[in-house]
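Here's the structure we're looking at; comments come further down.
Nothing in this text is a laboratory measurement; each read-out follows from the coordinates by a stated rule. Because the structure is predicted, anything quoted here is derived from the model rather than measured. No Cβ is skipped: glycine too gets one built from the backbone with ideal geometry, and neighbour counts run over all protein chains shown.
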Amino acid sequence: MAPRHKPNRKRPLVRGGLAAGLALAAAGGTLPFLLSNAHAETPSLTIPAPDRFKPVANPVYGAGPGGVVERTEVQDQSALGYYRWTPDGGAPVDLPASSPSDDVNSIDGGGGSHVSVTSGDVVAIYDSPNRVQLKDMQSGTTTKYTLPDGHFYRGVFGSYVLTATRDANGEKNVLHVLRMAADGQLTDTPVTGLNGWVAEDGMTLGGDDRSVAIWYAHPDGTRGVGLLDLATAAVTPVFPGATGANAQVVFSDAYVAWYSPDGGNTTARVLPRATPQAADTEVELGSGEGTARLGLVGDWLLTIRQFTQGAGDFLAREGAALTALPIAGGAPRTLLEHAGWRMAQVPGGGVTVTGGASAGDWAVRRVAVGDDGAPVLRTVRQVAPKEGRLTKLSLTAGHLVTAESDTTYLPALHQRQLTLGAAPSAGERSLLARPDAQTTGEAAQRLYESRQPVGTGDGRTVVAATDADGAQVLVVLAADGTKTVVPAVDPQTGEKMPTGSDHVSAVRSASGRYVVFGDSGRGLEDRQYVVDLDASGGPKVVRVRQGQGGLAVWGTKLWMPSDSDDGTLQAVDLKSGETTATDPITDNGCLPQQLQTAGPWVYWDCYPTGSVSSGHGVYNTETRQSSWAPRGTLGDGYVVAYEENRGQLNLTPIGDAPRTVEAFTVQYAYPIVQTDRFGGALAYAKERSARITVVDSGVATSPVAGIESRTDQSVDLASATDAVWDAHWQLSKPVTDARVTVRNKSGRTLFTGSAKEYAAAVSFSWNGRTGDGRYVNDGTYTWELTGTPADGSGAALKVTGTVALSGGQRLRTTG
């Protein structure tokens, strides 16, 4: 066993002042503060929220030549708002609210049977049980109907109101056409030409200001579709053999089209309106997900598919393509890549629909006939996208990773590199990880929605998850998205981490090659796993701790409660096995159930749920002093905490008074907050907002240091398999101008080269040749890594070591 070292002297507890924090106030709110006692004042960086992947629900329920009837998604994205008339190029006008029993507020665009536009720019509104009004949106005039007693509403078509009354058997099978006469009297004309009604609440399949499609049954039991001529109130059978079950019928000036998906049917039938008794034309719609919906423009049949989201299916969809099919036959044309499933026929010609290439291109558009007879699109009005939803974020060495639940078709992780300083900026946002579209099962589809991503400081990101069998695993993601999965398995016993509600796995700490994940450490049966990402043979678990007590890692040091019950901590060197213990530092010897590390600081908390106001603080591993700190998230030299009762996000420099980063209004309580343990920044987003603010802490970061390294100790330059000296250093924070210098025993420089910098890590490879291309002599050489702290704080980096090289003389001789 490695030796155990324990200091023999007590260290005083240093408590910072508890003065009230100061904020920079601004009109309309509070600006993020910028400390200036350690750094020059640095502007904050605001990263706009990404667009939601799924376009805004904005179904159209009717359209006239000058405007549309629509509903749009409400602010909280839970339902559709009231109906409104939006004139082309004008401001929307709310229509009188009504709540008939058949109205549906679901976000998928349901309802709509009581609002229509079937003549010019006249909007018909039905208010259950017996009121109808026709609002001319151009003139502003309104015509009101009160349905006669015993009449049941079936729709408004132009200036006609279709109703039904009960027959001798009590069935609502007697149709009536009502119309307001010039003298203001309501005329009632019974419908003729049908025998035996069916589907009493679904008999009307579609219509316009001239005709209505009716589903009817002959006395012999056969069913069909008929056209009701509103002027004569007579019905003429059409589409022989067609069913009315789940059917739709659309009208243009030239055609009538019918379609029903019953029985797997994929063919629409189209009739010339001037000669409805003529043979119909069949148009193949093709197969696909969802139900085809129809529209008519000129000599073209428009189709789009209506999807039904199944239970347990979390795949977001942008909407199917809007396709135009020539009625006379020929190749189809895609008019819009995506569109809402509702299309509204425009009286006089054309169709109105909402769609576009993506959520950012969504717009209300009109489809008309172009000069060449083919359909053409005209954009009426853009529909601004909704803001996406941020669920988690991670900031490590300037590498920002965001967990976003709805900015792509499934919850995903995105990444960007940040540059702070006098001119802060955010690099291009890119996809880091996302399940593929064929993924099934809620756990797999929503993998990246609620799991906290954690950066390792060398460009990698780790996430605790479950595999297809429900077993706990660690997902390791390289910056290019390459994924490695490490099972939570005890390397000694082969036992897997228990599952169930009592065992919730999460990444607890990460530093370079080492990661701690598993249970919280609050239960006696909890298990925490230490993973070496760069172990020989690939990432694997190298250590397991069972029981109470938190774990945290920094460099090669794994921090944990000591074996003695006296409030001390111990650090195990994961490479050498050496163990070092602290003096008693916790309040009354309590057991820390959560540990955090950053630079020389170790944060401990015996009651991380927050039920006890004491029992937490920080320990400086260099000075061996303990300090009070609020319960929160550790940064390099500070702790960030949200003060719920005041609605303030506060930053407390260790040993100093707290300062307010931002004060939130009530609706923005509980921000998402993360500190950059490998730098001096913190990032946060307000509740229910995906806009991220990044500010410099204003606290001087610790001097840059090498906290873990993997450098070849010897290299055979004549080797056929590995003739290169490779070195990797994990640093405490990023550097610039990293260079490696190689010197001989006399101190003469033989080679100097630039090292590769990524996050807070540096790598370097050398083939043993000097600047003039010659191999060096066999022997031991000194290398030196230098670099400038990227944040400008503290002394320059300087790390040295040696490497033994052989084979160079042989190569020089044979070369």
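Could you calculate the FRET efficiency of Asp136 with Gln382 from 1/(1 + (r/R0)^6), where r is the beta carbon distance between them and R0 is 41 Å, rounded to 0.05?
The value I calculate is 0.90.
Only Cα pairs under 8 Å and at least 6 apart count here; give the relative contact order of the chain as a rounded whole percent.
10 percent.
Measuring from label point to label point, each 7 Å out along Cα→Cβ, what is the Lys483 to Ser689 span in nm?
Here the answer is 3.2 nm between the modelled labels.
Count charges around Ala738 for me, please; just the other residues with Cβ under 12 Å from its Cβ, Lys/Arg as +1, Asp/Glu as -1.
0
What ranking of Thr402, Thr142, Thr86 emerges when the number of other C-beta atoms within 10 Å of each C-beta is taken as an exposure proxy, fewest first?
Fewest-to-most Cβ neighbours within 10 Å comes out as Thr142, Thr86, Thr402.
Pop a pseudo-label 7 angstrom from the Cα along the beta-carbon direction at both Asp76 and Asp565 and give the gap in nm to one decimal.
4.8 nm
If we sort 167-178, 693-704 on the protection proxy, mean other Cβ atoms within 10 Å, highest first, what's the order?
The most tightly packed comes first, giving 693-704, 167-178.
For the pair Tyr758 and Thr46, how long in nm is the line joining their label points, each one 7 Å along Cα→Cβ?
The two pseudo-label positions are separated by 3.4 nm.
With +1 on the Cβ of every Lys and Arg and -1 on the Cβ of every Asp and Glu, and nothing else charged, how large is the dipole of the chain about its Cα centre, in debye rounded to the nearest 20?
With Lys and Arg at +1 and Asp and Glu at -1, about 2520 debye.
What's the magnitude of the charge dipole for the range 147-245 around its Cα centre, counting Lys and Arg as +1 and Asp and Glu as -1 at the beta-carbon? Answer in Debye, nearest 20.
For the range 147-245, the charge dipole is close to 140 debye.
Tell me the Kirkwood radius of the range 147-245: reciprocal of the mean inverse pair distance over distinct alpha-carbon atoms, in Å.
This gives a value of 13.6 Å.
To the nearest 0.05, how large is the calculated FRET efficiency for Phe307 and Glu525 if R₀ is 35 Å and r is the Cβ-Cβ distance?
For R0 = 35 Å, the calculated efficiency reads 0.20.
Here is the link list: Lys557/Lys733; Lys144/Lys172; Lys733/Lys798. Which ones come out longer than 20 Å on Cα distance?
Result: Lys144/Lys172 exceed 20 Å.
Rank these for me by crowding, Phe157, Phe152, going from fewest to most other beta carbons within 10 Å.
By the 10 Å Cβ count, ascending: Phe152, Phe157.
Could you tell me which label, among (1) 85, 71, 64; (2) 106, 80, 54; (3) 110, 71, 53, carries the value of Cα extents along the principal axes in Å calculated for this structure?
Matching the structure shown: (3).
Counting only DSSP beta bridges with both residues in the chain, tell me the antiparallel percent, nearest 5.
DSSP beta bridges in the chain are roughly 95 percent antiparallel.
Mind giving me the FRET efficiency for Thr291 and Leu315? R0 is 22 Å, r the Cβ-Cβ distance, nearest 0.05 is fine.
0.80
Give the separation of the Cα centroids, the range 395-465 to the range 624-673, in Å.
24 Å
Give, in nm to one decimal, the length gained when the segment between Asp127 and Gln546 is fully stretched (0.36 nm per residue of separation minus the Cα-Cα distance).
Full extension from Asp127 to Gln546 adds 144.2 nm.
Kirkwood Rh over alpha-carbon pairs of the range 170-305, then Stokes-Einstein at 25 °C and 0.890 mPa s: what D in µm² s⁻¹, rounded to an integer?
Answer from the Stokes-Einstein relation: 155 µm²/s.
Taking a temperature of 4 °C and a viscosity of 1.567 mPa s, what whole-number D in µm²/s does Stokes-Einstein yield for the range 713-815 with Rh from Kirkwood over alpha carbon pairs?
90 µm²/s
Which value at 222 nm does the chain reach when only helices count, each DSSP H run of 4 or more adding -39,500 (n - 2.57), with the total divided by all residues and rounded to the nearest 500 deg cm²/dmol?
That calculation yields -500 deg cm²/dmol at 222 nm.
Work out how much length Lys144 to Asp167 would gain on full extension: take 0.36 nm times their residue separation and subtract the Cα-Cα distance, in nm to one decimal.
Contour length minus Cα-Cα distance gives 5.6 nm.
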